[in-house]
1. Do you know which residues across region B:43-62 are within 14 Å of B:Val111 (Cβ to Cβ) and away from chain A (no Cβ under 14 Å)?
2. So which of A:Glu112, A:Glu94 ends up being within 14 Å of another protein chain (Cβ to nearest Cβ), over 11 Å from the mean Cα position of the chain (by Cα) and free of Cβ contacts under 8 Å to residues at least 24 places away in the same chain?
3. Any chance you could count how many residues in region A:44-67 are within 8 Å of another protein chain (Cβ to nearest Cβ) and either hydrophobic (A, V, I, L, M, F, W, C) or over 30 Å from B:Tyr28 (Cβ atoms) (or both)?
4. Taking region A:1-57 on its own, how many of its residues are modelled with pLDDT of 75 or more and either surrounded by 10 or more Cβ atoms within 10 Å (Cβ to Cβ) or under 14 Å from the mean Cα position of the chain (by Cα) (or both)?
5. Just checking, does region B:87-96 include any residue being buried (at least 16 other Cβ atoms within 10 Å of the Cβ), in contact (Cβ under 8 Å) with a residue 60 or more places away in the chain and within 22 Å of A:Asn87 (Cα to Cα)?
6. If you check B:Ile21 against the conditions, is it surrounded by fewer than 15 Cβ atoms within 10 Å (Cβ to Cβ) and away from chain A (no Cβ under 14 Å)?
7. With the requirement that a residue be in a strand (DSSP E or B), free of Cβ contacts under 8 Å to residues at least 40 places away in the same chain and not acidic (Asp, Glu), what does region A:119-136 give you?
8. Considering only strands (runs of 3 or more DSSP E) fully contained in region B:31-93, which possess at least 1 residues that are in the same structural domain as B:Pro103 (by TED's automatic domain parsing) and under 21 Å from A:Leu185 (Cα atoms)?
Amino acid sequence: MKNVNIRLSLLILVLINGAIASLRAQEKYIDKNGIVIFEASEQLFEEVKAANESVTAILSTETNQIASLALIKGFHFKNSLMEEHFNENYIESETYPKAKFKGNLIDFNVAELDENITEVSVEGTLEVHGRQKGVHAKLKTQKIRDIISMTGEFKVTPGDFDIEIPKIVRNKIAKEVLVKLDFKLAKK
Amino acid sequence: MRGKKLYAVLAVVLVLLILAISMYNYIYKGHRDISTEQVAFTVSATKIHMDLSKEDKVAKYVDQVVQIEGKITAIEQNAVVIDDKVQINFSKEVSNDLTIARPITIKGRCVGYDDLLELVKIDQATVVHNN
């Protein structure tokens, strides 16, 4: 009888341990409405700027991997004709409907985060227009209760993604595109 | 003779003016107003999710005005998820009280399929029915 009891409690212990381990492995922070803004404005010309306010971002605090996805059609410009040209002529959103990022946070430990802003490096690959480019950025990171906030920016060029800018508008669009991101990742 | 000349000048000015106005309208035309556009597809959340998760059906819905019904499964800032399958972002603050598990019908623009979260995304949405 005693033997059975010990066995049973051992089994329960193992089960609980397993459950805790799998819970930990699934520790994820998600933002469904992340903000990504890019800007390629030139002085004296109309601003070339678009924002997407429903970008997805997922951070696994176990593996420190971060993944993000922006639907190209979700980028909105102030000028609707510019938006149309962006979709049809430059980024060809019907063929390439998504921009994706996959990367790793360097030396990141979620347990060390608090309300003070710390800089976290991220390294990864950005895929736009079907082409990939390595990206490195510093993210201002803080944690308020169960929400991790990350903001940052990096620069890319249209050429990185084989996007050709026609001659007639070349001096109206900056050579470098500044990409800004703002994620509020909530614990899931 | 002078009268004819005056008319000719006036006509040229008028044509130029019309050209200028139509150029301006072309370059600075307004954005689409999804809430007043006609609905292209009326579907359930499950159906649009099933269709959009297959690559070949994506083009059918993307950028189209869709009307979708389902149950609210999550509420976020100015956005809801229905049936765990479709994420709706509203065009302006929703004054109606939204409650989890209640049925809702919305109209909005289909942005596409998010394969990270396995969600269909809709933006510029307005509430059609909320009960």
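1. Once the filter is applied, which keeps residues that are within 14 Å of B:Val111 (Cβ to Cβ) and away from chain A (no Cβ under 14 Å), region B:43-62 yields B:Ile48, B:His49.
2. Details: A:Glu112 fails: within 14 Å of another protein chain (Cβ to nearest Cβ).
Just a single option satisfies the conditions, and that option is A:Glu94.
3. Residues of region A:44-67 within 8 Å of another protein chain (Cβ to nearest Cβ): A:53-54, A:56, A:58, A:67.
Applying the additional criterion that residues be either hydrophobic (A, V, I, L, M, F, W, C) or over 30 Å from B:Tyr28 (Cβ atoms) (or both) yields A:56, A:58, A:67.
Qualifying residue count for the region: 3.
4. Initial filter on region A:1-57 (modelled with pLDDT of 75 or more): A:27-57.
Imposing the further condition that a residue be either surrounded by 10 or more Cβ atoms within 10 Å (Cβ to Cβ) or under 14 Å from the mean Cα position of the chain (by Cα) (or both) reduces the set to A:27-42, A:45-57.
Matching residues across region A:1-57 total 29.
5. No.
6. Numbers: surrounded by fewer than 15 Cβ atoms within 10 Å (Cβ to Cβ): yes; away from chain A (no Cβ under 14 Å): yes.
It is true that B:Ile21 is surrounded by fewer than 15 Cβ atoms within 10 Å (Cβ to Cβ) and away from chain A (no Cβ under 14 Å).
7. First, pick out the residues of region A:119-136 that are in a strand (DSSP E or B): A:119-128, A:131-136.
Now drop any that are not free of Cβ contacts under 8 Å to residues at least 40 places away in the same chain, which leaves A:119-121, A:123, A:125-128, A:131-136.
Those that are in a strand (DSSP E or B), free of Cβ contacts under 8 Å to residues at least 40 places away in the same chain and not acidic (Asp, Glu): A:Val120, A:Ser121, A:Thr125, A:Leu126, A:Val128, A:Arg131, A:Gln132, A:Lys133, A:Gly134, A:Val135, A:His136.
8. Values: elements: B:41-44, B:65-76, B:79-82, B:86-90.
Because the criterion is at least 1 residues that are in the same structural domain as B:Pro103 (by TED's automatic domain parsing) and under 21 Å from A:Leu185 (Cα atoms), the strands (runs of 3 or more DSSP E) in region B:31-93 that meet it are B:65-76, B:79-82, B:86-90.
The values are calculated or read from the model by the stated rules, or taken from the named source; none is laboratory data. Just so you know, these numbers come straight off a predicted model, no measurement behind them. No Cβ is skipped: glycine too gets one built from the backbone with ideal geometry, and neighbour counts run over all protein chains shown.
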